[in-house]
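Q: Submitted below is the structure of interest, expressed as structure tokens.
The values are calculated or read from the model by the stated rules, or taken from the named source; none is laboratory data. Treat the numbers as computed from the prediction; the structure is a model and nothing was measured. Positions of Cβ are backbone-derived with ideal geometry, glycine not excepted, and every protein chain shown enters the neighbour counts. Side chains included, ligands, DNA and RNA excluded: accessible areas come from the protein's heavy atoms. Shrake-Rupley method; radii C 1.70, N 1.55, O 1.52, S 1.80 Å.
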Amino acid sequence: VIQVYSEYVYRNRQRFGVLFVHRDITKEFEVDQMKSEFVSTVSHELRTPLASVLGFTELMLNKTLRPERQTKYLNTIYQEAQRLTALINDFLDVQKMESGTQTYHKNYVDLVPILKQVVNVQQINAGKHTFDIITSSENLVVFGDEDKLIQLFNNLIHNAVKYSPDGGNVQIKVLAEHDKVYIAIKDEGIGIPEEAINKLFTKFYRVDNSDMRKIGGTGLGLSIVKEIVKSHQGEIKVDSEWKKGSTFTISLPLMTTHSVEQLDQEKEE
Ligand code: ADP
């Protein structure tokens, strides 16, 4: 998108020429467009769970229900309220990341148990998908913020489920190589068009096509992922084939026995 200003240039009150200023405002235009899309997405994303909470509470207040029904409705209300909380936490996280006030409490984190924990929770929520965890070793330690790493894996594994059909498999491969650990999360989902890949980590960005519009989201998850990876001196890359599936691979510095000892020593000093 090019913005053009033009102005006559005068010399001795005589029109001398025309000055054209061309400015490439593609970036500003795209950000503006994403912002307005974001406002409508957010209102929709907040309204949907709230509508369920209100609808089911109203039903419970106005009708005498069998206990099984009551439990079922209460479970829905609980899940939707959790969804709302997660959404609001995402907004707050993005805001903290932007103002540089996000804090990290780092310590030794054993990766395989937290990956198993994230998969267990996803398995309960996404009943129809299958999950595989493949690891080269059970003992892979990084120095990081456990809650933030859980959030990072949760966002990626949740996306793998969300953007793939029921019954799809999600494979999580953890591999140590030299001084790094690679965590690859692979799905059999809708995939990502090539031209979208380098925009994925921009906040508010969502792939815009008919497959996607049916799936809810705010476009914040991956911007949070990117920030957490960066704060752990890691890297993230995406391989994807449209309509075949995607693989998100993260690498993090691995704590070797040597580095753990060194850190212990530094802590004691
Ligand atoms: P959200 O899922 O809320 O839209 P994210 O920041 O997590 O936001 O993801 C940004 C966009 O990247 C998504 O809207 C989707 O278009 C695309 N995306 C992310 N993960 C996947 C995946 N595993 N498969 C296909 N598309 C994905």
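Q: Restricting the search to the stretch 51-82, which residues are surrounded by fewer than 13 Cβ atoms within 10 Å (Cβ to Cβ), within 28 Å of the chain's Cα centre (by Cα) and under 23 Å from ILE124 (Cβ atoms)?
A: Within the stretch 51-82, ASN75, TYR78, GLN82 qualify.
Q: Determine which single condition TYR10 fails, assuming it passes every other condition in (1) in a helix (DSSP H, G or I); (2) at pLDDT 90 or above.
A: (1) is the only condition that TYR10 fails.
Q: Could you list, in sequence order, the residues of the stretch 58-76 that are part of a helix (DSSP H, G or I) and among the polar types (S, T, N, Q)? Working first, answer last.
A: Residues of the stretch 58-76 that are part of a helix (DSSP H, G or I), as a first pass: 58-62, 67-76.
Residues satisfying the conditions are ASN62, GLN70, THR71, ASN75, THR76.
Q: A further question on this structure: Tell me whether the stretch 15-36 contains one or more residues that are assigned to a helix (DSSP H, G or I), open to solvent by 60 Å² or more (accessible area, probe 1.4 Å), of a type in the set (A, V, I, L, M) and more than 30 Å from LYS230 (Cα to Cα).
A: Scanning the stretch 15-36 turns up no residue that is assigned to a helix (DSSP H, G or I), open to solvent by 60 Å² or more (accessible area, probe 1.4 Å), of a type in the set (A, V, I, L, M) and more than 30 Å from LYS230 (Cα to Cα).
Q: Let me ask something else about it. Please verify whether ALA196 is surrounded by 16 or more Cβ atoms within 10 Å (Cβ to Cβ), modelled with pLDDT under 95 and either aliphatic (A, V, I, L, M) or within 7 Å of the ligand (Cβ to nearest atom) (or both), treating the condition exactly as stated.
A: The answer is yes for ALA196.
Q: Given the conditions (1) more than 9 Å from the ligand (Cβ to nearest atom); (2) within 26 Å of LYS35 (Cβ to Cβ); (3) at pLDDT below 95, report the number of the one that VAL207 does not fulfil.
A: Among (1) more than 9 Å from the ligand (Cβ to nearest atom); (2) within 26 Å of LYS35 (Cβ to Cβ); (3) at pLDDT below 95, the lone unmet condition for VAL207 is (1).
Residues checked against (1) part of a loop (DSSP other than H, G, I, E, B); (2) crowded, with 18+ Cβ neighbours inside 10 Å; (3) within 9 Å of the ligand (Cβ to nearest atom); (4) not hydroxyl-bearing (Ser, Thr, Tyr):
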position: ASN155; (1), (2), (3), (4): no, yes, yes, yes
position: ILE192; (1), (2), (3), (4): yes, yes, yes, yes
position: GLU227; (1), (2), (3), (4): no, yes, no, yes
position: ILE236; (1), (2), (3), (4): no, yes, no, yes
position: ASP239; (1), (2), (3), (4): no, no, no, yes
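Q: Name every residue in the stretch 83-112 that is polar (S, T, N, Q), part of a helix (DSSP H, G or I) and surrounded by fewer than 12 Cβ atoms within 10 Å (Cβ to Cβ), in order of residue number.
A: Selection gives THR85, GLN95, SER99.
Q: Follow-up question, since we're still on this one. Please find, among THR202, THR218, the residue that is open to solvent by less than 40 Å² (accessible area, probe 1.4 Å), near the ligand (Cβ under 10 Å from one of its atoms), touching a Leu at 6+ places or on another chain (Cβ under 9 Å) and polar (S, T, N, Q).
A: THR218
Q: Which members of the stretch 157-166 meet the condition of being among the aliphatic types (A, V, I, L, M) and either out of contact with any Ser or Thr (no Cβ under 9 Å at 6 or more places or on another chain) or open to solvent by 30 Å² or more (accessible area, probe 1.4 Å) (or both)?
A: Result: ILE157, VAL161.
Q: Check VAL119, VAL94, VAL142, VAL112 and return the single one that is in contact with a Pro (Cβ under 7 Å, 6 or more places away or on another chain) and in contact (Cβ under 8 Å) with a residue 40 or more places away in the chain.
A: Residue meeting the stated conditions: VAL142.
Q: Report whether or not ASN198 is within 19 Å of the chain's Cα centre (by Cα), under 20 Å from TRP242 (Cβ atoms) and among the polar types (S, T, N, Q).
A: yes
Q: Out of all the residues in the stretch 165-180, is one or more near the ligand (Cβ under 10 Å from one of its atoms), closer than 26 Å to VAL112 by Cα and either under 14 Å from the mean Cα position of the chain (by Cα) or free of Cβ contacts under 8 Å to residues at least 12 places away in the same chain (or both)?
A: No, there is no match, as no residue in the stretch 165-180 is near the ligand (Cβ under 10 Å from one of its atoms), closer than 26 Å to VAL112 by Cα and either under 14 Å from the mean Cα position of the chain (by Cα) or free of Cβ contacts under 8 Å to residues at least 12 places away in the same chain (or both).
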